[in-house]
Structure formats: structure tokens, C-alpha cells
Amino acid sequence: MSRRLALSPSRAADFKQCPLKYRLRALDRIAEVPSRVAARGTVVHAALESLYALEKCERTLDRALDLVEPAWTALLAADPQLADVVADVERFVAEAQELVRAYYKLEDPTRFEPEACELLVETELDDGTLLRGFLDRIDVAPDGRVRIVDYKTGRSPALVREARALFQMKFYALMILRIRGVVPTQLKLLYLSDGESLVYEPDRAELARFERTLSAIWNAISAAGATGDFRPNPGNLCGWCDFKQYCPEFGGALPDYPGWPDAVDHPVGTSTA
């Protein structure tokens, strides 16, 4: 049974950037060209998830580096097309290991025990908007304080782009507030390429405003979904888009609109991925 369509941080960002991009990804589900950078990020995330499945005393740097190659092997088995993207496996694994090495300069994984890693979270807002997302890590202190941590394998953003980076974290913070009734004390982004971190402390009033923002985005998506009117929004990021062949702005031909999917009722809550 297919899952009910939901709003995630990435799909919300897609719609804000370009409604047509949202449609082609979320509704048409057109496959995108596999990316070496994305594959490397997936491998690093998988290695860190495996690291935290170990006992604290086993979470040494050497052990973490050893987890990278098995993570790549598992990813390749799940998506054999990546063999064409990653021809130089030895170099690819070394690059991923460097990012894992950089992680150890930001945190000591032997000093704490996460509550959960790679957690699938879902919650529904009062107006029926369904939110869905994967949290890289949730830490809960003995006194109940919650920290949400996200690993980024790229570089830290310039100051003018911090708001875009924090959009995802506020999204997660709102879901935790709705599910647990607790405002996360800290949102922490770890940028492994340059060893920087971005820390933010949200408050309840801010998350209430953010909830209204997400509801407005979903209402706009739903309105476009009812008519199929997802218009392109040309900009500087078009050069990196995989959908130019379908975009009228680039002389492409849109596929027939697949229509808005039927809602599928399902329990709302949290579960591990």
C-alpha cells in the first residue's frame, strides 16, 4: 500500500524553489541521475549510523573508518547503477573516510549515547498537513533536554544561506514538539567538509510561526495539485537540475500530469527506519 503524500523538508524546499521541480520529483517520480556526491553522503551517514550501533568503547576512529567500505558495498548492492558513477572505488572510499575522520574533530562519539539514529518521524498538524522526515540523530540528556543533530558532508553555508540550512532543522524541531510536547533545546548541523558546526536554539513561539509557514506551503502545493498547475521558476540553480528535458523554460516537453494521489489513511507517529 502506498503511503499518503506528505511534506518533507526537501520537498518543501523543492516547491519553494520551483513548483515544477516539486511535481516532477514528488508526483511524476522521475528518476534522477545518480550523483557521486550524494552517494558519498549516503555512505558517510550509513557508516556513522553503524558506528552508534556499537558499544561506546568500540567507537574508535579506526573502527569508524573500517565501516565505510561495507557501507559502500551495501549501497552498491541496493543500487548497481552507482558502479557507473563511482569508477574509482578506492579513491571514493578514501574521500568518505576523510569525512568520517573530520567528524571526530567535531564530536567524541564515546562520550554520549544517542536515543536514535536515522529515525523516520511523522506527525500531522491541526489542519491535516502531514509532515515526514528522517532525523540523523536525536540525543536526550538525563534532564530531558533534546538535541537534534544533522550531518552535512558539504561545506558550511555562507551567512546569507544559513536560513535555508536551518529550515530543515526547524522542520524537525516542530515535529518533535508536536510528537513529544518538548521544544528541542538545540539544533546542531555538523559540516564535515570544513569542520564547522552551526548551532541554533529554537523557541516555542518561533516554531508556532514556522508551523503556519508549513501549512501555507502545503496549501499552495494542494491547490497546484488540484489543477496540475505547477509552474517552473527559472533561476541560478537551473544549471544543476536533472529535469531540464521536461521543462518548458528549456524547450522541454512535460509528461502528462499523473494527477493528485488518493489519500491513504495510516497511523501517524514515529518509527525507526
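What follows is calculated from the coordinates using simple rules that are stated; it is not laboratory data. What you see is a predicted model, and the numbers here were worked out from it, not measured in a lab. Cβ atoms come from the backbone with ideal geometry, glycine included; neighbour counts cover every protein chain shown.
Quick notes
- Each Lys or Arg adds one and each Asp or Glu subtracts one; over the other residues with Cβ under 15 Å from the Cβ of A226, this totals 0.
- Size of charge dipole - the chain - debye, nearest 20, with Cβ of Lys, Arg +1 and Asp, Glu -1, no other charges: 680
- Under 5 Å, built H, 5+ apart or other chain: amide partners of E196: S156, Y191
- Computed from the Cβ-Cβ distance with R0 of 25 Å, the FRET efficiency linking A158 to R204 stands at 0.30.
- Partners for K105 among lysines (Cα-Cα distance below 20 Å; same-chain residues under 8 apart left out): K56, K152, K188
- If both residues of a DSSP beta bridge must be in the chain, then about 75% of such bridges are antiparallel.
- Cβ-based charge dipole, region 35-173, positive-most Cα from T129, L106, P142: L106
- Three-way shape label, region 36-103, alpha-carbon gyration tensor, a/c 1.5: prolate
- Using C-alpha pairs under 8 Å with a sequence gap of at least 6, the mean separation divided by the residue count of the chain gives a relative contact order of 24 percent.
- Rounded if a/c under 1.5, otherwise prolate or oblate - region 1-137, Cα gyration tensor axes: oblate
- In the calculated pair-distance distribution of region 92-134, the portion above 15 angstrom amounts to 67 percent of the Cα-Cα pairs.
- Positive-end residue, the chain charge dipole about Cα centroid, Cβ charges, pick of T60, L192, G252: G252
- Sorted peptide list for 130-142, 36-48, criterion being average Cβ within 10 angstrom, highest first: 36-48, 130-142
- Normalised by 2.2 N^0.38 Å, with N the number of residues, the alpha-carbon radius of gyration of region 74-149 equals 1.56.
- Peptides ranked, highest mean first, by Cβ atoms within 10 Å: ranges 76-87, 99-110, 171-182: 171-182, 99-110, 76-87
- Within a straight-line Cα-Cα reach of under 17 Å, K16 can be paired with the following lysines, leaving aside sequence neighbours fewer than 8 residues apart in one chain: K170.
- This structure gives Cα Rg over 2.2 N^0.38 Å, computed directly, and of (i) 1.06; (ii) 1.23; (iii) 3.07 that value is listed as (i).
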